Each structure stands twice: as C-alpha cells, then as structure tokens.
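These notes concern the structure reproduced below.
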Number of protein chains: 2
Amino acid sequence: MEDWREIEAVWDGEKAFEGRSQAGLKVTLGAPEGFSPMEMLLISLAGCTGLDVSSILVKMRQPLKEMKMRVRGLRREEHPRIYTQIEVEYLFVGAGLDPKAIEQAIALSEERYCSVSGMLREAAAIHSSYSIQTESAATVL
Amino acid sequence: MEDWREIEAVWDGEKAFEGRSQAGLKVTLGAPEGFSPMEMLLISLAGCTGLDVSSILVKMRQPLKEMKMRVRGLRREEHPRIYTQIEVEYLFVGAGLDPKAIEQAIALSEERYCSVSGMLREAAAIHSSYSIQTESAATVL
C-alpha cells in the first residue's frame, strides 16, 4: 500500500534548520554546527542500504561481527550541484563470511529494496565495492 | 569545481547505523530509536531548500521572523519503495513579507540552487506551497 512519510523543519533565525521526525527525533542542518543537507543525503543512503545488507546477512546466518561503510559523492560544478557519481564502500568483519552471500545481499539492497538508492540512481551513477576482514583489529576502510 | 563529499556509517550490531560527517557529527538511523533513512531524505530536502530560501529572503531584506516547513512524501507500494510525490509546505512569519519575494526565493532554490531537490526530482514529482502569517501566535502549519 502507498503511504505518506512526513517531517518538519524549523528555522533557527540564522543559518540552520532543526529537522523533526514524526517520532520526535531532532537533528540540526546548516551552520555552524549542523550537517550539510548533501552530507545528510549520503547518510540516508548509507543507512538505507546498510540496514538492508546487515539484516539480510543476519537472516542468511552469516557470521557478521562488524560492518562499516564509507559513502562518497562527486558534486558537479554547475547549479544545482547534484552528485553525478556516488561510491559506496562496504567493510565486513567476521571469520567465515561468504563473499557470495555478501554480493547477493548488496545486490538485493541496491537493486530491489533500498528506496534511497532507488531515488538517487535516477540522478547519479552509483558504484559499490566491498572488502572482508576476518579480524576487527583494523576496521579502517 | 567538482568536489567530493564523504560520510561514514557504522553498524551497531543490531538494527541501527551511526552516520558520521567529516566534521565528526553523529546521527542514528534505524531501530529502535533512530531516524528512518526515508525520513532523513525528506529532512535533507527540507534543510537544503529551507537554508536557500531563508538566506535569499534575508539578503532581500525581507522582514522574516520565523520560518517552518512540512515535507511529505508518498511511497509507492512496489520495491524499491521510492517517493513518487513530494509535497513541500513553507510557512513564513513576519509583518510586511512580500509574496513576490517569497515566490522568487522558492523558485530560485527549487529550480537553481537546491542540490537535494535537483536529485530527488529525477524520481519524484515535487510540489510546493506556502503561507504567510504576520503574527507568530499560531505558527502551526
């Protein structure tokens, strides 16, 4: 069924807005101490596909111990300064993780489930890559 | 000049991710107490166009005292559950605000400056509307 999502945003009188979810969560966008809206777009994408991929891997009983993502977007020079390319890097940590399961989970999210990805790919080319570590010692992407 | 934006996201081991900006700001997405990624997409849009519109009105020396937005998105039924329609409502509070200046500011943001809007409109029809109040007594949209 179709359904509506709704948020509110309130100006602080200077250079920031406070975003408010239906559940009452708050987050600041703008200067001097908030997220930039275009950063927040990448965070929305990371959350969307990350939540998909981690939950699919858990359902597949993959031994996932840690997971981290880095998402980069290339803003074009002309207005509006949209991202023309987006790179999603996944890092998975766990002994015995199956690369085939990981590739399947990423594909399911990016091609079928992730709504944020489904919207952004209309404007930008999205590329993804992943790496697997068996130990959590160096979980740096 | 083109430039890259980058964020990170770290899995909490259950059903949430922590998004991290380059400046070190943090925000939680997922269950049980985070923003949903599709909500965050609407907050990104509100922040983007809200920051544009408020700063343009200030530059135009419009007597803007308060500003609030409500953004709604209609998710389609099939996967990926993208928004097919997005409605942006602006509420401006101030005595002597000029509707022509407001319409010009909204148009400049939506057509030229707002990068989030520039991306999302490739996937969804975005409609906007506004109202003006002279008093802040009832700043409810």
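The values are calculated or read from the model by the stated rules, or taken from the named source; none is laboratory data. Computed from a predicted model, the values in this text were never measured in an experiment. Positions of Cβ are backbone-derived with ideal geometry, glycine not excepted, and every protein chain shown enters the neighbour counts. Remember, those area values only see protein heavy atoms, side chains included, never the ligands or the DNA or RNA. Shrake-Rupley method; radii C 1.70, N 1.55, O 1.52, S 1.80 Å.
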(request) Determine how large the accessible area of B:Glu2 is when every protein chain is in place; take a 1.4 Å probe and give Å² rounded to the nearest 10. (result) 100
(request) Sum -39500 (n - 2.57) across every DSSP H segment of at least 4 residues in chain B, then divide by the residue count to get the 222 nm mean residue ellipticity, nearest 500. (result) -9000 deg cm²/dmol
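What dipole magnitude, in Debye to the nearest 20, does region A:16-87 give about its Cα centre under +1 on Lys/Arg Cβ and -1 on Asp/Glu Cβ? Present the calculation step by step, with values, prior to reporting the outcome.
Details: 11 positive and 8 negative charges, 66 e Å.
Once rounded to the nearest 20, the dipole reads 320 debye.
To the nearest 100 Å², how much accessible surface do chains B and A cover up together, summed over both, with a 1.4 Å probe?
Values: alone 9940 and 9930 Å², together 12960 Å².
It comes to approximately 6900 Å² buried between B and A.
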(message) Accessible area of region A:1-69 with a 1.4 Å probe: how many percent of it is carbon plus sulfur?
(response) 48
(request) State the Cα centre-to-centre distance between region A:13-89 and region B:23-89 in whole Å. (result) 13
(message) Explain nothing, just the number: dipole magnitude of chain B about its Cα centre with +1 on each Lys and Arg Cβ and -1 on each Asp and Glu Cβ, in debye rounded to the nearest 20.
(response) 340
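If the only charges are +1 at each Lys and Arg Cβ and -1 at each Asp and Glu Cβ, what is the size of the charge dipole of the protein assembly as shown around the Cα centre, to the nearest 20 debye? Each step should come with its number before you reach the end.
Working: 32 positive and 42 negative charges, 16 e Å.
Once rounded to the nearest 20, the dipole reads 80 debye.
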(message) Please compute the average number of Cβ atoms from other chains found within 10 Å of each residue's Cβ in peptide A:119-131.
(response) 3
(message) When the expected Rg is taken as 2.2 N^0.38 Å, what fraction or multiple of it is the alpha-carbon Rg of the protein assembly as shown?
(response) 1.03
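Determine, from the Cβ-Cβ distance of B:Met1 and B:Gln22 and an R0 of 22 Å, the FRET efficiency 1/(1 + (r/R0)^6), rounded to the nearest 0.05. Mind showing how you got there, number by number?
Working: r = 17 Å, r/R0 = 0.79.
According to the calculation, E is roughly 0.80.
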(request) Kindly write out, for region A:50-65 in residue order, the coupling ³J(HN,Hα) from the Karplus curve 6.51 cos²θ - 1.76 cosθ + 1.60 (θ = phi - 60°), rounded to whole Hz, with x marking Gly and Pro. (result) x, 5, 4, 5, 5, 6, 5, 5, 5, 4, 7, 6, 6, x, 7, 9
(request) Taking 50 Å² as the minimum loss, tell me which residues in region B:14-63 lose that much accessible area going from the chain by itself to the full protein complex (1.4 Å probe). (result) B:Phe17, B:Leu25, B:Phe35, B:Pro37, B:Glu39, B:Leu41, B:Ile43, B:Ser44, B:Leu51
(request) Return the long-range amide H neighbours of A:Ser36 (sequence gap of 5 or more, or a different chain), with a cut-off of under 5 Å between placed amide H atoms. (result) A:Gly30
(request) Treating each Cα of region B:34-124 as an identical point scatterer and ignoring solvent, apply the Debye formula and state log10 I(q)/I(0) at q = 0.21 Å⁻¹. (result) -1.00
(message) I want to check a number: in chain A, how many lysine pairs have alpha carbons closer than 22 Å, given a sequence separation of 8 or more or different chains?
(response) 5
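Which order do the peptides B:86-95, B:123-132 take when ranked by the mean count of other beta-carbon atoms within 10 Å per residue, highest first? Could you put the intermediate results ahead of the total?
Numbers: B:86-95: 20.7, B:123-132: 15.5.
Ranked from most to least packed, the peptides come out as B:86-95, B:123-132.
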(message) Spelling out what I want: for every residue of region B:3-17, take phi, set θ = phi - 60°, compute 6.51 cos²θ - 1.76 cosθ + 1.60 (Karplus), and round to whole Hz; glycine and proline get x.
(response) 8, 8, 10, 9, 9, 10, 9, 10, 5, 8, x, 10, 10, 9, 10
(message) Nearest 5 percent is fine: what portion of the DSSP beta bridges confined to region B:25-126 is antiparallel?
(response) 75
(request) With N denoting the number of residues in region B:1-60, provide Rg(C-alpha) divided by 2.2 N^0.38 Å, to two decimal places. (result) 1.42
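As a test, work out the antiparallel percent of DSSP beta bridges whose residues both lie in the protein assembly as shown, rounded to the nearest 5. If you can, show how the numbers build up before the last one.
Numbers: 54 of 74 bridges.
Just about 75 percent of them are antiparallel.
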(request) Pop out the ³J(HN,Hα) list for region B:83-98 in order, Karplus 6.51 cos²θ - 1.76 cosθ + 1.60 with θ = phi - 60°, rounded to Hz; leave Gly and Pro as x. (result) 7, 9, 9, 10, 10, 10, 10, 10, 10, 10, 10, x, 7, x, 5, 9
(request) Work from the charge dipole of chain B (Cβ charges, +1 for Lys and Arg, -1 for Asp and Glu, about the Cα centre) and give the residue of B:Leu29, B:Tyr130, B:Cys114 farthest towards its positive end. (result) B:Tyr130
(message) Per residue, how large is the accessible surface of region A:1-132? Use a 1.4 angstrom probe and give square angstrom.
(response) 44
